[in-house]
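Participant: Quick one: the structure is below, and I'll ask about it shortly.
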Amino acid sequence: MSESLLQAPLAAEPFPNQPDWFRDARQQAALRFDALPRPSRTDEAWRFSNLRAFDPQDFTPARPVGLELTDSLLPLSLGADSHAGSLVFANDKLVARTRSAVSEQGVLWMSLEEAVAQHPALVQRYFMQSDSLFGSAKHLALHQASVRTGTFLYVPKGVHVEAPLQSFHWLAGSGQAVFPHTLLIAEEGSSVTFVDWFKAHNDARNLACGVHDLHVGAGAQVHYVSVQDWSRQTVALHSNTTVVGAGAKAVHLSLHLGGSFARSESVSHLRGPGARSEMLAATVADGAQEFDQRTLQDHGSPDTSSDLLYKNALYNEAKTIVAGLIRVAPHAHRTDAYQKVRNLVLSAEAEAVSLPGLEILADQVRCSHGATTGEINREELFYMQARGISESDAYRLITYGFLNEVIERLPENSLRVRLQDSLQARLQGH
Amino acid sequence: MSLVIHNLHARVVGGQQILRGLNLEIEKGSVHAIMGPNGSGKSTLSKVIAGHPDYEVTAGEVLLDGVNVLGMEPDARSRAGLFLAFQYPVEIPGVSNANFIRAALQARLAAGEELEATEYYGDLYKEMDRLEIPRNFTARSVNEGFSGGEKKRNEVLQMAMLKPAYAILDETDSGLDIDALKVVSAGVNALRGPNLGVLVITHYQRLLDYITPDVVHVLVGGRIVRSAGPELALELEAKGYDWIRDELSEAALAAEPVLA
Ligand SMILES: Nc1ncnc2c1ncn2[C@@H]1O[C@H](COP(=O)(O)OP(=O)(O)O)[C@@H](O)[C@H]1O
Ligand SMILES: [Mg+2]
């Protein structure tokens with residue numbers, strides 16, 4: 001077992017010139033990973049979840065891919081037409097980047113290992129600063145001990161990056177594990193849109209364990225999109241923490257398409273009056289896929305707002321879980337928190353679980369949450385058929401529309417179009 | 001060449017009998033109007049012809065140029081040349097109008113054939129201009145948040161794009177102010193011609209000032225009780241439906257026994 005996840009990451013040292021604190025933190029994370037128990041279904045944060053989905057020992061840190069394969073992946077790493085720059089990773093190694101003009105604006109846009117070497121103080125301030133709120137300390141430890149690369153994006157005060165920046169994370173081979181990291185810092189009054197594309201080269205059983213953290217300074221605006229399109233056999237664990245400052249706005253949209261067992265955790269900390277977070281997700285679940293989504297809207301200041309919209313379309317024996325908590329701290333008066341989960345069930349064997357929660361300790365609070373589960377509307381179906389559209393096409397189009405409503409919340413047109421393409425491609429065959 | 005409705009009996013699945021022996025023939029190139037009081041079965045007739053699953057046909061047939069469509073799925077009926085403009089058009093969230101109409105046209109092409117995008121948008125914009133529909137309409141979700149007038153224009157737009165052989169317009173005038181009514185009527189009139197048969201369903205005579213029918217029928221109690229020229233519409237407008245009801249003998253109006 002010399003290649004197990006436990007021993008390998010530190011042996012293959014990906015961080016040249018790493019400061020001591022960084023190496024120490026990784027070593028401690030490895031120890032924590034060893035010491036921590038695996039989550040159990042009796043943990044509130046893992047209720048209904050399929051824990052038997054994977055054993056970390058089944059995977060080894062992803063081996064680099066050959067040049068030929070790399071060359072074949074690059075033309076597939078296009079993303080939005082109007083992007084301002086791309087990083088392309090394959091099996092946790094930066095393999096390509098497009099020239100980007102954003103550095104002229106003072107934007108730092110590089111791989112995590114470059115940032116650790118060149119901007120250690122910035123990284124230290126923001127890197128992996130939050131504990132797991134969803135019973136995933138062991139997975140966070142695994143990530144920190146094993147992380148080898150990812151995206152570092154720093155937008156200085158007042159700088160507006162007009163077009164989206166994007167990273168592609170390719171996963172190739174079988175039994176491979178990747179640990180993609182995203183660290184996005186938008187300073188006061190800045191704005192940026194960033195997209196993480198997680199893509200599979202082949203249909204094999206792999207592991208992805210990613211951490212994606214956003215720090216949105218006062219008055220800044222961040223749009224973060226992640227497209228989880230790993231192979232249908234991949235175990236995917238993605239954890240997101242977004243910290244939103246006063247008067248700032250974060251929009252986080254996830255498109256969940258891949259994975260056999262995909263757990264995604266997302267927390268928005270609203271810290272500062274006027275902070276706003278929009279948490280959006282669209283999920284296509286089919287076959288025996290399980291999507292386990294845990295969210296927290298954490299209102300820590302007065303006059304903050306949050307709006308969560310998670311939609312799941314379920315086929316076959318697929319399962320989705322959305323456990324969403326709204327938490328309003330004692331002094332967070334005039335909080336406006338909204339949460340909506342909608343499930344479109346397209347098969348009698350599919351199962352959609354919604355677990356909403358409220359924890360309100362302040363006054364004058366407006367909170368609403370609701371979860372609905374329904375089937376295809378018969379009148380919509382007939383209307384489409386009355387226009388000549390076949391029943392199966394109508395089903396697909398209505399399902400597309402159901403999920404597309406989430407994508408429509410993004411302002412950037414060329415990005416929307418690309419996401420719609422991904423959604424459409426995913427629904428083909430249904 | 002005509003759309004023939006012969007001795008049509010239909011009921012709500014497991015429920016009430018609504019159509020009770022309805023006969024009608026709409027020749028290609030002609031415009032027929034059906035008038036009738038609320039609840040007489042006008043919308044039911046249109047939906048039964050289009051194949052709505054809420055209803056079951058208990059007797060009779062509907063022949064489209066000689067082909068009985070009653071065994072066909074609703075989408076196949078549409079592709080065979082039938083069009084229904086809904087009294088209450090349905091909202092489809094997240095599906096843009098452009099996407100929806102394109103899907104309907106695509107469904108008419110052979111497998112592997114792709115709709116040509118530039119040509120499609122050219123046609124679409126031309127028809128939209130005719131109906132005074134603004135361009136941003138294409139990106140909006142189907143009927144979502146539309147006013148009554150916008151919904152009815154959208155129905156006529158779809159009809160113009162799909163070029164049916166026979167079109168049934170179910171209360172396309174309801175909810176329209178006079179300006180919108182003129183635009184919608186002009187849109188329908190532009191489509192009139194030797195290759196289209198139209199059945200206009202309306203509660204009010206007003207629409208028939210703009211879309212002049214060749215024949216007017218009165219539907220009461222699930223069957224056609226009178227047919228005449230356009231002057232019948234004026235007579236109905238002046239006298240109301242009670243007049244017809246009173247004139248009809250008890251026997252003519254007596255409900256047929258409802259099939260168990
Ligand atoms: N799907 C249905 N379920 C139950 N009753 C129906 C249904 N459709 C129509 N009806 C009934 O049949 C009658 C005729 O309705 P409709 O065809 O809508 O009338 P009109 O369009 O002439 O106003 C009404 O009494 C109506 O309530
Ligand atoms: Mg009606």
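Participant: Which members of segment B:221-240 meet the condition of being crowded, with 18+ Cβ neighbours inside 10 Å and either among the polar types (S, T, N, Q) or without any contact (Cβ under 8 Å) to a residue 12 or more places away in the chain (or both)?
Facilitator: None - no residue of segment B:221-240 is crowded, with 18+ Cβ neighbours inside 10 Å and either among the polar types (S, T, N, Q) or without any contact (Cβ under 8 Å) to a residue 12 or more places away in the chain (or both), so the list stays empty.
Participant: May I ask you to say which residue of B:214, B:209 is more than 16 Å from ligand 2 (Cβ to nearest atom) and closer than 26 Å to residue B:21 by Cα?
Facilitator: Working: B:209 fails: closer than 26 Å to residue B:21 by Cα.
The match here is B:214.
Participant: Of all the residues that make up segment B:85-129, how many are within 16 Å of ligand 2 (Cβ to nearest atom) and either more than 9 Å from chain A (Cβ to nearest Cβ) or surrounded by 16 or more Cβ atoms within 10 Å (Cβ to Cβ) (or both)? Before you say what the answer is, go through the steps one by one.
Facilitator: Here is the first cut: in segment B:85-129, the residues within 16 Å of ligand 2 (Cβ to nearest atom) are B:85-90.
Filter again for either more than 9 Å from chain A (Cβ to nearest Cβ) or surrounded by 16 or more Cβ atoms within 10 Å (Cβ to Cβ) (or both), leaving B:85-87, B:89-90.
Residues in segment B:85-129 being within 16 Å of ligand 2 (Cβ to nearest atom) and either more than 9 Å from chain A (Cβ to nearest Cβ) or surrounded by 16 or more Cβ atoms within 10 Å (Cβ to Cβ) (or both): 5 in total.
Participant: Which residues, taken from segment A:63-99, are in a loop (DSSP other than H, G, I, E, B) and in contact with a Leu (Cβ under 7 Å, 6 or more places away or on another chain)? Before the answer, list the steps.
Facilitator: Step one: filter segment A:63-99 for residues in a loop (DSSP other than H, G, I, E, B), giving A:63-66, A:77-84, A:91-93, A:98-99.
Within segment A:63-99, A:80, A:83, A:84, A:91 qualify.
Participant: Has segment A:346-367 got any residue that is within 14 Å of chain B (Cβ to nearest Cβ) and out of contact with any Cys (no Cβ under 7 Å at 6 or more places or on another chain)?
Facilitator: Within segment A:346-367, the first condition is being within 14 Å of chain B (Cβ to nearest Cβ), and the residues that meet it are none.
No, because not a single residue in segment A:346-367 is within 14 Å of chain B (Cβ to nearest Cβ) and out of contact with any Cys (no Cβ under 7 Å at 6 or more places or on another chain).
Participant: Another question, then. Which condition from (1) more than 10 Å from chain A (Cβ to nearest Cβ); (2) open to solvent by 10 Å² or more (accessible area, probe 1.4 Å); (3) under 16 Å from the mean Cα position of the chain (by Cα) is the one that residue B:41 breaks?
Facilitator: Failed condition: (2).
Participant: Sticking with this one: If residue A:247 meets every condition in (1) part of a strand (DSSP E or B); (2) free of Cβ contacts under 8 Å to residues at least 40 places away in the same chain apart from one, which number is that one?
Facilitator: For residue A:247, the exception is condition (1).
Participant: On the basis of being open to solvent by 10 Å² or more (accessible area, probe 1.4 Å) and either in contact with a Pro (Cβ under 6 Å, 6 or more places away or on another chain) or not in a strand (DSSP E or B) (or both), does residue B:71 make the cut?
Facilitator: Numbers: open to solvent by 10 Å² or more (accessible area, probe 1.4 Å): yes; either in contact with a Pro (Cβ under 6 Å, 6 or more places away or on another chain) or not in a strand (DSSP E or B) (or both): yes.
The answer is yes for residue B:71.
Participant: Could I ask something else about it? Check segment A:389-409 and report whether any residue there is of a type in the set (Val, Ile, Thr) and in a loop (DSSP other than H, G, I, E, B). Steps first, please.
Facilitator: Let us first name the residues in segment A:389-409 that are of a type in the set (Val, Ile, Thr), namely A:389, A:398-399, A:406-407.
Going one step further and asking which of them are in a loop (DSSP other than H, G, I, E, B), we end up with A:389.
There is at least one residue in segment A:389-409 that is of a type in the set (Val, Ile, Thr) and in a loop (DSSP other than H, G, I, E, B).
Participant: May I ask you to list the residues in segment B:52-84 that are over 17 Å from residue B:13 (Cα atoms) and within 11 Å of another protein chain (Cβ to nearest Cβ)?
Facilitator: Filtering segment B:52-84 down to residues over 17 Å from residue B:13 (Cα atoms) leaves B:61-69, B:72, B:75-84.
Scanning segment B:52-84 gives B:72, B:75, B:76, B:77, B:78, B:79, B:80, B:81, B:82, B:83, B:84.
Participant: Can you tell me how many residues in segment A:101-129 are surrounded by fewer than 21 Cβ atoms within 10 Å (Cβ to Cβ) and out of contact with any Leu (no Cβ under 9 Å at 6 or more places or on another chain)?
Facilitator: Total satisfying the criteria: 11.
Participant: Oh, and also: Restricting to segment A:62-107, name every residue that is of a type in the set (Ser, Thr, Tyr) and more than 20 Å from the chain's Cα centre (by Cα). First the steps, then the outcome.
Facilitator: Taking segment A:62-107 and keeping what is of a type in the set (Ser, Thr, Tyr), we get A:70, A:72, A:77, A:82, A:86, A:98, A:100, A:103.
Matches in segment A:62-107: A:70, A:72, A:82, A:98, A:100, A:103.
Participant: Out of (1) in a strand (DSSP E or B); (2) surrounded by 19 or more Cβ atoms within 10 Å (Cβ to Cβ), what's the single condition that is false for residue B:47?
Facilitator: Just one mismatch for residue B:47, condition (1).
Participant: Looking at segment B:183-204 only, could you name the residues that are at pLDDT below 95, open to solvent by less than 20 Å² (accessible area, probe 1.4 Å) and either within 16 Å of ligand 1 (Cβ to nearest atom) or within 14 Å of chain A (Cβ to nearest Cβ) (or both)?
Facilitator: Passing the criteria: only B:202.
Participant: Sticking with this structure for a sec: Go through segment A:378-410 and report how many residues are more than 8 Å from chain B (Cβ to nearest Cβ) and of a type outside the set (A, V, I, L, M).
Facilitator: 5
Participant: A follow-up question, please. Checking residue B:29 against (1) within 30 Å of residue B:238 (Cβ to Cβ); (2) within 16 Å of ligand 2 (Cβ to nearest atom); (3) not in a strand (DSSP E or B), which single condition isn't satisfied?
Facilitator: So the condition that residue B:29 fails would be (2).
Participant: Across segment B:20-56, what is the number of residues that are more than 15 Å from ligand 1 (Cβ to nearest atom) and not hydrophobic (A, V, I, L, M, F, W, C)? Explain how you work it out, then say what you get.
Facilitator: Our first condition is that a residue be more than 15 Å from ligand 1 (Cβ to nearest atom); within segment B:20-56, this holds for B:21, B:23, B:25-32.
Narrowing the set further to residues that are not hydrophobic (A, V, I, L, M, F, W, C) leaves B:21, B:23, B:25, B:27-30, B:32.
Selection size over segment B:20-56: 8.
Participant: If the requirement is being among the β-branched types (Val, Ile, Thr) and within 14 Å of residue A:180 (Cβ to Cβ), which of these qualifies: A:241, A:234? Reasoning before the result, please.
Facilitator: Details: A:241 fails: within 14 Å of residue A:180 (Cβ to Cβ).
Unique residue meeting the criteria: A:234.
Participant: Do you know which residues across segment A:4-28 are modelled with pLDDT of 90 or more, out of contact with any Leu (no Cβ under 8 Å at 6 or more places or on another chain), in a helix (DSSP H, G or I) and surrounded by 15 or more Cβ atoms within 10 Å (Cβ to Cβ)?
Facilitator: Answer for segment A:4-28, where residues must be modelled with pLDDT of 90 or more, out of contact with any Leu (no Cβ under 8 Å at 6 or more places or on another chain), in a helix (DSSP H, G or I) and surrounded by 15 or more Cβ atoms within 10 Å (Cβ to Cβ): A:22, A:25.
Each row is one residue, and each column tells you yes or no for (1) of a type in the set (Lys, Arg); (2) farther than 15 Å from residue B:7 by Cα; (3) within 13 Å of ligand 2 (Cβ to nearest atom).
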{"position": "B:33", "(1), (2), (3)": "no, yes, no"}
{"position": "B:36", "(1), (2), (3)": "no, yes, yes"}
{"position": "B:43", "(1), (2), (3)": "no, yes, yes"}
{"position": "B:48", "(1), (2), (3)": "no, no, yes"}
{"position": "B:54", "(1), (2), (3)": "no, yes, no"}
{"position": "B:57", "(1), (2), (3)": "no, no, no"}
{"position": "B:63", "(1), (2), (3)": "no, no, no"}
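Participant: Something else now. Given the conditions (1) more than 14 Å from chain B (Cβ to nearest Cβ); (2) out of contact with any strand residue (DSSP E or B) (no Cβ under 9 Å at 6 or more places or on another chain); (3) in contact (Cβ under 8 Å) with a residue 24 or more places away in the chain; (4) open to solvent by 70 Å² or more (accessible area, probe 1.4 Å), report the number of the one that residue A:317 does not fulfil.
Facilitator: (2)
Participant: Further question on the same structure: Confirm whether residue A:237 is in the same structural domain as residue A:176 (by TED's automatic domain parsing), among the aliphatic types (A, V, I, L, M) and either closer than 21 Å to residue A:52 by Cα or open to solvent by 10 Å² or more (accessible area, probe 1.4 Å) (or both).
Facilitator: So residue A:237 fits the description; yes.
Participant: What's the number of the condition residue A:426 fails, among (1) crowded, with 19+ Cβ neighbours inside 10 Å; (2) at the interface with chain B (Cβ under 8 Å from one of its Cβ atoms)?
Facilitator: Here residue A:426 clears every test but (2).
Participant: From the list B:104, B:85, which one is of a type in the set (A, V, I, L, M, F, W, C) and within 16 Å of ligand 1 (Cβ to nearest atom)? Walk me through how you get there before you give the answer.
Facilitator: Values: B:104 fails: within 16 Å of ligand 1 (Cβ to nearest atom).
Exactly one of B:104, B:85 is of a type in the set (A, V, I, L, M, F, W, C) and within 16 Å of ligand 1 (Cβ to nearest atom), namely B:85.
The values are calculated or read from the model by the stated rules, or taken from the named source; none is laboratory data. Not measured: the values here are computed from a predicted model. Positions of Cβ are backbone-derived with ideal geometry, glycine not excepted, and every protein chain shown enters the neighbour counts. Remember, those area values only see protein heavy atoms, side chains included, never the ligands or the DNA or RNA. Shrake-Rupley method; radii C 1.70, N 1.55, O 1.52, S 1.80 Å.
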